[in-house]
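First comes the structure, then the notes that go with it.
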């Protein structure tokens with residue numbers, strides 16, 4: 001597995017070594033020891049989640065606040081998504097900045113998002129299966145998020161606004177300038 005740092009400290013793209021032959025392929029999608037050694041983090045994932053979505057579905061920007069914050073390791077096992085992380089760590093030099101990466105079943109890349117980030121994705125293919133590992137359990141009372149179309153973030157979701165399918169709940173999330181402290 002190779003690790004590619006991003007311009008935002010802590011965000012990491014992981015690319016597995018894929019072994020192909022006439023029968024198909026094999027790759028190791030996660031190895032705790034290798035991940036900890038390469039990333040310099042000691043992460044204990046405790047919950048795995050999966051979603052299925054159709055083209056244009058935008059989920060985010062979500063987070064868990066305070067003591068329920070979550071680090072995530074995300075990947076796509078079918079289709080393609082644009083995955084986005086927003087730095088919400090108050091003391092970070094890149095506070096309020098975002099980074100995006102294309103994740104697909106073809107490139108097999110994964111995106112590590114440490115605690116202190118908002119996270120979302122939009123489906124660019126007809127359908128997509130999105131999987132993620134979390135290092136903390138979901139807690140409904142600690143839900144938080146940011147509006148996907150926050151002009152201060154200026155995220156290019158790669159699809160026209162009228163093609164985005166956003167939940168009512170996500171459409172009501174605040175802009176960063178209006179958001180309460182997330183506890184990071």
The lone condition residue 123 fails out of (1) touching a residue at least 40 places away in the same chain (Cβ under 8 Å); (2) farther than 20 Å from residue 88 by Cα; (3) exposed (fewer than 12 other Cβ atoms within 10 Å of the Cβ) is (3)
**Study point:** residue 64 being touching a residue at least 12 places away in the same chain (Cβ under 8 Å) and in contact with a strand residue (DSSP E or B) (Cβ under 6 Å, 6 or more places away or on another chain)
**Key:** no
In segment 26-57, anything exposed (fewer than 10 other Cβ atoms within 10 Å of the Cβ) and touching a strand residue (DSSP E or B) at 6+ places or on another chain (Cβ under 7 Å) is listed as 50
Residues in segment 96-118: is at least one surrounded by fewer than 13 Cβ atoms within 10 Å (Cβ to Cβ) and closer than 28 Å to residue 34 by Cα? yes
Per the list (1) assigned to a strand (DSSP E or B); (2) surrounded by fewer than 16 Cβ atoms within 10 Å (Cβ to Cβ); (3) at pLDDT below 95, residue check on residue 17 breaks on (1)
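The values are calculated or read from the model by the stated rules, or taken from the named source; none is laboratory data. Worth saying up front: this structure is predicted, and the values here are computed from it rather than measured. Positions of Cβ are backbone-derived with ideal geometry, glycine not excepted, and every protein chain shown enters the neighbour counts.
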